[in-house]
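Comments concern the structure below.
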Amino acid sequence: MKKEELIRQIEGGLIVSCQSFEGEPIHGEGIMLKMAESAKWAGAVGLRANEPKNVKEMKEATGLPVIGIWKQEFEGSDVYITPTMNEVDALMEAGSDIIAIDCTNRLAPTGEKAYDLVRKIKAKYPDALIMADCSTYEEGANAIKLGADFIGTTLCGYTDYSDQYDGPSFPMIERLCRDFPGKVIAEGKINTTDEARRCIELGALCVVVGGAITRPHLTAQRFVEALQRK
């Protein structure tokens, strides 16, 4: 899918991040595929999926564009969202429409800065679309300078040097949207419909929501904690 066509499809819409992890009650074969199908039924414009196998299955089952990531942990590095070209190659082969990578200032497992992966991807796959998962405005601006196609606010609050919010980083989203219109994908700690709508009002191209939709045990936990609050 060409970039212009993809943008038209996702603009103003909801992308659902369908991920689960070992040890969670929602984790199991086929469950996230059902989440993806449910997202399509609801009118989602795209999906975000972890691991090549899931990217391929969700694309085939739904026909929706998929943001592909591959979370891999390496000793000595805090970078785990698509940290090396090995993960990128596999995600490209699986048919990812957008490749999301950690684009922070942290050191990748290769010993290089995480953002150095942008240039490597563009050198090998000139037409690949890159979503740069960032934690600060400066990282987002740098990602665009390096050639990333989209800025994700995914990691704000998840690095020790970024602003810490209980919900979305609206100040960061607003500033990035002002300076890089049409390139910001709002993601991270978006738990309510009002928060999602606010991101669009601030200028985000689209909104990615994960846990609030696809991790019901966490949604239930928020209800329990709210009712127990004195």
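The values are calculated or read from the model by the stated rules, or taken from the named source; none is laboratory data. What you are looking at is a predicted structure, and each value in this text was computed from that prediction instead of being measured. Note that we place each Cβ from the backbone using ideal geometry, even for glycine, and neighbour counts take in every protein chain shown.
Among the residues of segment 196-230, the one identified as buried (at least 18 other Cβ atoms within 10 Å of the Cβ) and farther than 30 Å from Pro181 by Cβ is Arg215. Going residue by residue through segment 137-144, is there one that turns out to be farther than 21 Å from Met172 by Cβ and modelled with pLDDT of 95 or more? No, that holds for no residue.
Taking the listed residues Gly95, Gly157, Gly188, the one that is on the phi > 0 side of the Ramachandran plot and buried (at least 21 other Cβ atoms within 10 Å of the Cβ) is Gly188, with no other qualifying. Just one of the numbered conditions (1) at pLDDT 95 or above; (2) farther than 25 Å from Leu117 by Cβ; (3) assigned to a loop (DSSP other than H, G, I, E, B); (4) not hydroxyl-bearing (Ser, Thr, Tyr) is not true of Ala204: (2).
Go through segment 78-135 and report how many residues are acidic (Asp, Glu), within 13 Å of the chain's Cα centre (by Cα) and outside any loop (DSSP other than H, G, I, E, B). Reasoning before the result, please.
Looking only at segment 78-135, we keep the residues that are acidic (Asp, Glu), and these are 78, 87, 89, 93, 97, 102, 112, 116, 127, 133.
The next check asks that each one be within 13 Å of the chain's Cα centre (by Cα); those that pass are 97, 102, 133.
From what's left, outside any loop (DSSP other than H, G, I, E, B): 102, 133.
The number of residues fulfilling the criteria is 2.
Are any residues in segment 33-53 more than 16 Å from Leu91 (Cβ to Cβ) and touching a residue at least 60 places away in the same chain (Cβ under 8 Å), and if so, which ones? If the condition is that a residue be more than 16 Å from Leu91 (Cβ to Cβ) and touching a residue at least 60 places away in the same chain (Cβ under 8 Å), then Met35, Ala39, Val45 are the ones that fit. The sole residue among Thr82, Thr104 that is in contact with a Cys (Cβ under 9 Å, 6 or more places away or on another chain), of a type in the set (Ser, Thr, Tyr), under 26 Å from Leu14 (Cβ atoms) and buried (at least 23 other Cβ atoms within 10 Å of the Cβ) is Thr104.
Can you go through Gly13, Gly76, Gly68 and tell me which one is surrounded by fewer than 16 Cβ atoms within 10 Å (Cβ to Cβ) and free of Cβ contacts under 8 Å to residues at least 40 places away in the same chain?
Being surrounded by fewer than 16 Cβ atoms within 10 Å (Cβ to Cβ) and free of Cβ contacts under 8 Å to residues at least 40 places away in the same chain holds for just one of Gly13, Gly76, Gly68, which is Gly76.
Given Lys113, Lys122, Lys56, which one is of a type in the set (Lys, Arg), over 20 Å from Arg215 (Cα atoms), without any contact (Cβ under 8 Å) to a residue 12 or more places away in the chain and surrounded by 15 or more Cβ atoms within 10 Å (Cβ to Cβ)? Show your work before the answer.
Values: Lys122 fails: without any contact (Cβ under 8 Å) to a residue 12 or more places away in the chain; Lys56 fails: without any contact (Cβ under 8 Å) to a residue 12 or more places away in the chain.
Just a single option satisfies the conditions, and that option is Lys113.
Residue count for segment 140-187 under the criterion of being in contact with a helix residue (DSSP H, G or I) (Cβ under 6 Å, 6 or more places away or on another chain) and in a strand (DSSP E or B): the result is 3.
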